[in-house]
Amino acid sequence: MKKVYGYIKRKTMLYKTGVEYGDYTMNHVQGCSHGCNYPCYAFMMKKRFGQIKTYDEWIKPYLVSNTIELLKKEIPKLKDKIKSVQLCFSTDPFMYGYDEVEKISLDAIRELNKNGIKCVVLTKGILPEELGSLSKENEYGITLVSLNEGFRNKMEPNTSTYEERISSLKFLHDLGYKTWVSIEPYPTPNIIDQDLIEILNKIDFVDKIIFGRLNYNKIVSEYKDFKSFYNQEANKTIEFCKKNNILVHIKDGTIRG
Ligand code: SF4
């Protein structure tokens, strides 16, 4: 098991997200050991605003030690406004191999659930089995953009394997939880040539799929048919979801005329 690099304190925890499918969110870790090379939007933003200087700094996670204290203070004020809290948009709540991050994420979800607030989880790590004893309202998700481990090692170097991720999701689905998959950022064929249907077939048990294109990466625009490629893959996802009775959301800007 790995140790976080340190502890920091924050002044606030819960905030409303501007992301198109989110409500409230919380980010109780600074940085993310997963170190995705798509690149990671959260890393780019932290770098732009001078909070993080280098990639090496970004992959050293610092835990917000007063997370639960802040939640206890903020929940009573916000609970009537909150429909759900997503963990997380700027870090990963189940950072692979980091017990301390897992523990504080579970404690945070318990605290929110105790106050009748549903949690929506998204990870590139493993969803812990303990999630199966928390509120049945919670929704659990993984990111899955490929099944190729060579690609994963290059693009998401410190994450869990795809198999581990999928089976932890299936475990929670079998317990009766709503599950979802974010297929985002989906790579173009000049990055990896793969069959989207093969990926979709692996996750045909989920309740919702979100599909989105890869942004902020010039390799995409080097693929001359990238617009029609994304239109075609988005339509495949829509068709697949229709056939399998799965809710689908195509991220803005993925389908273009
Ligand atoms: S898991 Fe998410 S937050 Fe962490 S590096 Fe990857 S994209 Fe960024």
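The values are calculated or read from the model by the stated rules, or taken from the named source; none is laboratory data. These numbers come from a predicted model, not from an experiment. Cβ atoms come from the backbone with ideal geometry, glycine included; neighbour counts cover every protein chain shown. When the accessible area is computed, the model is the full protein with side chains, heavy atoms only, and any ligands, DNA or RNA have been set aside. Shrake-Rupley method; radii C 1.70, N 1.55, O 1.52, S 1.80 Å.
Computed quantities for the displayed model
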| item | result |
| --- | --- |
| Relative contact order, percent, the chain [alpha-carbon distance under 8 Å, six or more residues apart] | 16 percent |
| Average accessible area per residue (Å²) across the chain - probe 1.4 Å, nucleic acids and ligands excluded | 48 Å² |
| Cα-based shape type of the stretch 109-257, given that a ≥ b ≥ c are square roots of the gyration tensor eigenvalues and the cut on a/c is 1.5 | prolate |
| Residue of Ser65, Ser221, Ser90 that the Gaussian network model of the chain assigns the largest fluctuation, springs spanning Cα pairs under 10 Å | Ser221 |
| List Arg256, Arg165, ordered by accessible area with a 1.4 Å probe, largest first | Arg256, Arg165 |
| Surface/4 estimate of mean projected area, convex hull on alpha-carbon atoms of the chain, nm² | 13.5 nm² |
| Solvent accessible area, Å² - Cys32, 1.4 Å probe, full protein context | 10 Å² |
| Residue with peak Gaussian network fluctuation, the chain [Cα springs, cutoff 10 Å], from Ile199, Ile209, Ile183 | Ile199 |
| For the chain, calculated [θ]222 nm from helices alone, where every DSSP H run of n ≥ 4 adds -39500 (n - 2.57) | -10500 deg cm²/dmol |
| Exposure ranking of His28, His249 by accessible area [1.4 Å probe, largest first] | His249, His28 |
| Solvent exposure ordering (accessible area, 1.4 Å, most first) of Glu139, Glu130, Glu164, Glu198 | Glu198, Glu130, Glu164, Glu139 |
| Most mobile listed residue (Gly31, Gly50, Gly141) in the chain, GNM with C-alpha springs under 10 Å | Gly50 |
| Unit charges on C-beta of K, R, D, E only; dipole of the chain, Debye | 1040 debye |
| Selected from Leu78, Ser167, Gln232, residue furthest toward positive end of dipole (the stretch 6-250; charges at beta carbon) | Leu78 |
| Percent carbon-and-sulfur accessible area, the stretch 121-246, ignoring ligands, DNA and RNA, probe 1.4 Å | 47 percent |
| Inter-probe distance in nm under a simple model that places probes 7 Å from Cα toward Cβ, at Phe49 and Asp193 | 4.2 nm |
